[in-house]
Each structure stands twice: as structure tokens, then as C-alpha cells.
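A quick write-up on the structure given underneath.
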Amino acid sequence: MEMTSCSLMQSKSLAFHRLLNLRITRAIAADLVLAIQFLHRQNIIHGDIHCGNIFLQLPTDVRRMIDPSQLYQKFGNPILEPIVRVDGNPLPAGVPTHIIEPARVGIQSDQITPTYLPIMLSDFGSSYYPSKTRRTNAYTLPHLVPPEVFFLDKQNNKYNLSFPSEIWTLGCTIFEIIGSGGPFSTLDDGILQDQVSVLGKLPDPWWSQWESRADFFNEDATIDITTDAPFQDSLKEQYDWFVNAAQQ
């Protein structure tokens, strides 16, 4: 089994601004596209693309280490924590007396170098063959799901999540790789609200099926200024906001 460093999500969280070097950003985005392209050519949908499932390689010098003392010198000696029963009784036979904390091998996103690449795409627990399995629920993070997720009729076998739906999630993930956050909200109706604000009116029958649309928009999808709906920012404006906010 391949050893990895940390996930891209963890790497971004270690840096206050959550940004990457432009060269590294392009390389990671390209790696991810190639990985998804390979899966789709095998008729497989990954089903859970997000930065938490994108892992960085261990640096080349670490992968070449064969002596534990070399690892200890780089990452420190193992930290042992005793195992203690809540009731204070002795541990039963076969239970270890200590656990070892994982080594901290993470790196800030702005310190990633080519030696941490190519990325590795993980977690295939939600993967499936769309030709064999009908899927109407998305298992990735809420702000990365395509709009059709909210409207698929689970009783109608004509429609299901397939390759186009995953391309949407791929695009949103690339947006998050480039910036410091995703393009849309993370809260229930806020997701659709943001999608319409940025991309325009949903196609029918989705638009008419969205029961709470009147809370945010007029019938022509213009902003209802009597509500707290957001301004219609373009994706570029949202991206620029994320970058500028992170740099301040």
C-alpha cells in the first residue's frame, strides 16, 4: 500500500490563506482531471470528489528511508500514550498497553513542491458503475453537488446521477483547489440560491419544483431585493473575493 503525506484539505487548513503556488495548483488540477478521466474511461464514477480525498505523496527523500532512525530524526520519536480503562481495572489479555500517535507529516499548502506530486485520489467507497447501479443521492460534500441532486425523482428510473454530475463536482473542486473555498454555499437552500445567483435561472422543471425559490428570487430569477439574497456575483468575482480575503 502506498504511503501518503496529508490530504489537500489538511494542507490548506495548515496555511492561514489556504492558497497554493500557481504552478502547483495547475499540476494538482491536471492530476485530478487525469484521474477522473481514467475512471470514466473504465465506466466508473468516483462519487466523492473533494479536497479531503486528494492526497499528497510523501517527499522522495522520505520514501527512500529504510531505517526507522532516519524517520525519527526527521519527524521526531514516536509519542506513546498509555491505554487506561475507564473503570481503572487491568487491561485484558491481548490489549496493547500503549498506542502510538501518527507522525505529523503534513505540509502547508504554500510549501508544497513537485516532490509531493502526483496526487493520489482516495476513498472509493462511494464509487459505482452507472451502467449497473442507479444513483440519485450524492455522497460528496453538500456544496459540491450538482443542482439535479435536489430534484431527481427516486421513483423515475429515467434519471440518475451519472458522468455529467461528476464533472460538475470536479469543476467545483478545481475551483476550491485554485482558491481558498468552493464557489457555492454549504447550507441547504443556500446551495441552490448561490447556484442561481451565479449561473442564472434553473431549467424547467427544476425551477418550478424548487418550492422556496420565491424566498430569494423573482420568477425571472432576478434578485428579490426585499430578501437577504446575495448580489449576482460571477464565478470570477467570487474567486477574486476568496483570494483577496485570504491574502488580507
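The values are calculated or read from the model by the stated rules, or taken from the named source; none is laboratory data. Since this is a predicted model, take the numbers as computed values, not measurements. Positions of Cβ are backbone-derived with ideal geometry, glycine not excepted, and every protein chain shown enters the neighbour counts.
Below, the figures for the structure above:
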item: Subset of segment 10-26 [of a type in the set (A, V, I, L, M), surrounded by 14 or more Cβ atoms within 10 Å (Cβ to Cβ) and more than 21 Å from VAL62 (Cα to Cα)]; result: ALA15, LEU19, LEU20
item: Hits in segment 38-71 - residues which are more than 30 Å from VAL145 (Cα to Cα), out of contact with any Ser or Thr (no Cβ under 8 Å at 6 or more places or on another chain) and surrounded by 13 or more Cβ atoms within 10 Å (Cβ to Cβ); result: VAL62, MET65, GLN70, LEU71
item: Qualifying residue in segment 102-114 (condition: buried (at least 18 other Cβ atoms within 10 Å of the Cβ), over 21 Å from the mean Cα position of the chain (by Cα) and not small (Gly, Ala, Ser)); result: no
item: Failed condition for ARG104, given (1) modelled with pLDDT of 90 or more; (2) part of a loop (DSSP other than H, G, I, E, B); (3) closer than 24 Å to ILE24 by Cβ; result: (1)
item: Qualifying residue in segment 18-32 (condition: of a type in the set (D, E, K, R) and more than 26 Å from PRO102 (Cβ to Cβ)); result: yes
item: From PRO90, PRO78, residue being in a loop (DSSP other than H, G, I, E, B) and closer than 24 Å to MET3 by Cβ; result: PRO78
item: Output for segment 122-141, where each listed residue is small (Gly, Ala, Ser) and modelled with pLDDT of 90 or more; result: SER122, GLY125, SER126, SER127, SER131
item: Top-ranked residue of segment 181-214 - restricted to ones that are acidic (Asp, Glu) and either touching a strand residue (DSSP E or B) at 6+ places or on another chain (Cβ under 6 Å) or modelled with pLDDT of 85 or more (or both), ranked as surrounded by the most Cβ atoms within 10 Å (Cβ to Cβ); result: ASP194
item: Candidates LEU152, LEU144 - the one that is surrounded by 15 or more Cβ atoms within 10 Å (Cβ to Cβ) and at pLDDT below 85; result: LEU152
item: The listed residue being touching a residue at least 24 places away in the same chain (Cβ under 8 Å), in contact with a His (Cβ under 8 Å, 6 or more places away or on another chain) and under 29 Å from SER13 (Cα atoms), out of LEU32, LEU39, LEU71; result: LEU39
item: Unique match (being touching an Asp or Glu at 6+ places or on another chain (Cβ under 9 Å), of a type in the set (Val, Ile, Thr) and over 27 Å from LEU161 (Cβ atoms)) among ILE83, ILE79; result: ILE79
